[in-house]
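Nothing in this text is a laboratory measurement; each read-out follows from the coordinates by a stated rule. Keep in mind that this is a model prediction, so the values were computed, not measured. Note: ideal-geometry Cβ built from the backbone for every residue, glycine included; neighbour counts use all protein chains shown.
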Amino acid sequence: MTRPGSAPGGEVEVDHAHAEHRGRVDARIAAALGEGVSTWAELLGATEGADPRLVARRLDARGRSLPGRGPPGAVASSRWTPELHARDFEWYFAPACARALARRAAGLGRRVLCMGTPTVAFGLLERPAEAPPLERITLVDHNPLVDRRHAGRGPLEMLHHDLAAARPGAGRYDVAVFDAPWYPPQLRRWLALSAHAVRPGGTVLFALLPRLHRPSAPDDRDRLLAEARRLGDVRVEPGALAYESPRFEQEALAAAGLATPPAWRRADLVELCVRRAPAADGLAPLPAAPAWARFVVGAQVVHLDQHAPDEPGDVLAPIDERGDYRYASISTRDPRRERIGLWTSRSRVARVRRPALVGELLERLVEAGELGALDDAPPLRSMSDPERRRLLGALRTVLGPA
């Protein structure tokens, strides 16, 4: 029987073998328990972003068990439609946090830029009627599905850009709010872009990854804060930002045997008052990630790697020994990630060998809305009965009820 937290995950094995990181996690667990933490939700909130699977393993090493850790119950439906997706790095701020950030941004000026922070933009749109009007609200986000998650778009200027290449105009804003993927190249570029976009004396608010997010997190934080201080005056508010746990994260941790508290993930909030312009090299575009096709099937979002190798074998197959296609990782550092060719917003993944065929089936499924519509799909007519049954069975397992 699999012990909760022990499901395969190469990045967790690496983190566990990293003695310094493991020691930091152990020290934080010990301190939290000493401070009276008595539930799984409280412990995750106190361990500064450490991977829950690693926290569970280190808790086992202490011979401790906490209420609420697992086994997990049924995962709740997402309140966002279409659902959020791991490949889009869609960890949204918790509602109260998003509203607080929106109020803070609106109090700093009338022209607000939101980069990768749709919930803050939505919060700005939903301000009370008696609040002072804003002159400009701009949301820059690479995902076109963001529009569909907010019915009343109002005065929002929506720019769909790959943020690796986005370049908002210089000095157009009083305040910028960004939440970049927590990797050094993206963090540095988004910081430079935001500082470039605000006027002299303008403010940048951004999320800073927690100290135990990965072994390199302390150094990554220090370098980013040093860069911010070269641009102006910096203030850090520890643990001020709270994130909703998206369905894909809940499903991934459930596959690892762990329950997920609704808002366990936190980050520090950094406020930067910009005094100096960023260096030009910080504004240079980053290499763009390979584009995948995106399909919306009911509430689910399905990503397909259209450049997956077209080779003999089952069209869809598990990436590892899990025949249920569930994916128990939430990290880009997982070595199995490179095998994924199909990925759903409910953390089901598969290896793909004929991506054009899978794309045709997904397009038909989007139009029809039910898996039964695939039984007589033209692309399947040339396949043998066993091949067709295996493919349709795999799709039913990966996608579940349409």
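Using the average count of surrounding beta-carbon atoms within 10 Å as a protection proxy, the listed peptides 199-211, 131-143, 160-172 rank, highest first, as 199-211, 131-143, 160-172. Under conditions of 10 °C and 1.306 mPa s, the stretch 10-61 yields 145 µm² s⁻¹ as its translational diffusion coefficient, taking Rh as the Kirkwood radius over Cα pairs in the Stokes-Einstein equation.
Multiplying the residue separation of Ala74 and Arg396 by 0.36 nm and removing their Cα-Cα distance gives an extension gain of 114.0 nm. On the beta carbon distance between Ala31 and Asp60, with R0 = 25 Å, the FRET formula returns roughly 0.85.
Given R0 = 25 Å, the distance between the Cβ atoms of Asp375 and Asp314 translates into a calculated FRET efficiency of 0.85.
For the stretch 293-402, GluC sites (Glu not before Pro) meeting the loop criterion (DSSP other than H, G, I, E, B) and having at most 16 other Cβ atoms within 10 Å: Glu321, Glu370. Segment Asp162..Ala293, full-extension length gain: 45.7 nm, with 0.36 nm per residue of separation and the alpha-carbon distance subtracted. Its alpha carbons give the stretch 86-283 an Rg and a Dmax of 16.3, 50 Å. The DSSP beta bridges internal to the stretch 86-283 are antiparallel in roughly 45% of cases. The helix-only estimate of mean residue ellipticity at 222 nm for the chain, built from DSSP H runs of length n ≥ 4 each weighted as -39500 (n - 2.57), is -10000 deg cm²/dmol after division by the residue total. With viscosity set to 1.567 mPa s at 4 °C, what whole-number translational diffusion coefficient in µm²/s follows for the stretch 146-263 from Stokes-Einstein and a Kirkwood radius over Cα pairs? Estimated via Stokes-Einstein, D reaches 78 µm²/s. Of the peptides 225-233, 188-196, 276-284, the ranking by mean beta-carbon count within 10 Å, highest at the top, reads 188-196, 225-233, 276-284.
How big is D for the chain, in µm² s⁻¹ as a whole number, if Stokes-Einstein is applied with the Kirkwood radius of its Cα pairs at 4 °C and 1.567 mPa s? Each step should come with its number before you reach the end.
Numbers: Rh = 22.6 Å.
Once the numbers are plugged in, D ends up at 57 µm²/s.
Across the stretch 343-353, coupling constants 3J(HN,Hα) worked out from phi with the 6.51/-1.76/1.60 Karplus curve, θ = phi - 60°, read 8, 9, 6, 10, 6, 10, 9, 8, 7, 10, 10 Hz, and Gly and Pro carry x.
Just how large is the dipole of the chain about the Cα centre, in debye to the nearest 20, putting +1 at every Lys and Arg Cβ and -1 at every Asp and Glu Cβ?
On the way: 57 positive and 51 negative charges, 153 e Å.
With only Lys, Arg, Asp and Glu charged at Cβ, the dipole is about 740 debye.
In the Gaussian network model of the chain, springs joining C-alpha atoms below 10 Å, which of Leu241, Leu253, Leu159 carries the largest mean-square fluctuation? Checking each option, the largest mean-square fluctuation is seen for Leu159. Take each peptide in 375-384, 59-68, count the other Cβ atoms within 10 Å of every residue, and average; sorted highest first, the result is 59-68, 375-384. When only the Cβ of Lys, Arg, Asp and Glu is charged (+1, +1, -1, -1), the dipole of the stretch 44-181 relative to its Cα centre reaches about 380 debye.
Taking the Cα centre of the chain as the origin and placing charges on Cβ (Lys, Arg +1; Asp, Glu -1), which of Leu33, Cys114, Val274 is farthest toward the positive end of the dipole? Value: Val274.
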